[in-house]
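Notes follow the structure.
The values are calculated or read from the model by the stated rules, or taken from the named source; none is laboratory data. Computed from a predicted model, the values in this text were never measured in an experiment. Positions of Cβ are generated from backbone atoms using ideal geometry, with glycine treated the same way; all protein chains shown enter the neighbour counts.
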Amino acid sequence: MRRTWEYTFIGPANTVTGLHYDFPNNWFCQVTGVKEFLLFPPDQSAQMCKSRKYDWGATLSDIDISRLDEQPVERESFAKAEGLYARVEAGDALFVPSRTWHAVVSLEPSISLAVFGLTPWEILAGGLPSETRALLHRLHLYRWGNCTCHRMQQAPASQGALT
């Protein structure tokens, strides 16, 4: 018995999904196009430069794999990580276990399907804390303004009269 939900990803070539891990397991299915994965098991978390930015369902990294030359501290930490490489082509499926750090690069225009799933125990043990953080976030009590879901608007520089 497992609760599942699906996401469809459609995008152009050279799309980069930043380094992160998802709380649930993920069966990633490539429908069209080709993608490359960098995968790091949970025991590599110390090298992943965990971000404080809130994202429902994922834990993000401050490492930007496409701009490592501009991030000397993150680059040094990332260089110590031991991971795996996977190339996923049309018709392939890749199992990404819960809490496995991964970044994805689309080499061609692509359509992908991700099927996430949790058992009843996983929903209670991990889903309940995740939903509590989500509620606190919606109430502006947890990382409001430091998140992937809300863009904070800056006040105009000047409210003066037009000249």
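Just one of (1) part of a strand (DSSP E or B); (2) touching a Pro at 6+ places or on another chain (Cβ under 9 Å); (3) modelled with pLDDT of 95 or more fails for ALA13. It is (1). Filtered by the rule that a residue be crowded, with 19+ Cβ neighbours inside 10 Å and without any contact (Cβ under 8 Å) to a residue 60 or more places away in the chain, the range 1-48 gives GLN47, MET48. Look at (1) out of contact with any Ser or Thr (no Cβ under 7 Å at 6 or more places or on another chain); (2) closer than 17 Å to PHE28 by Cβ and you find that LEU124 fails only one, number (2).
The requirement of being among the acidic types (Asp, Glu) and either under 21 Å from GLY57 (Cβ atoms) or surrounded by 14 or more Cβ atoms within 10 Å (Cβ to Cβ) (or both) is fulfilled somewhere in the range 86-93, by at least one residue.
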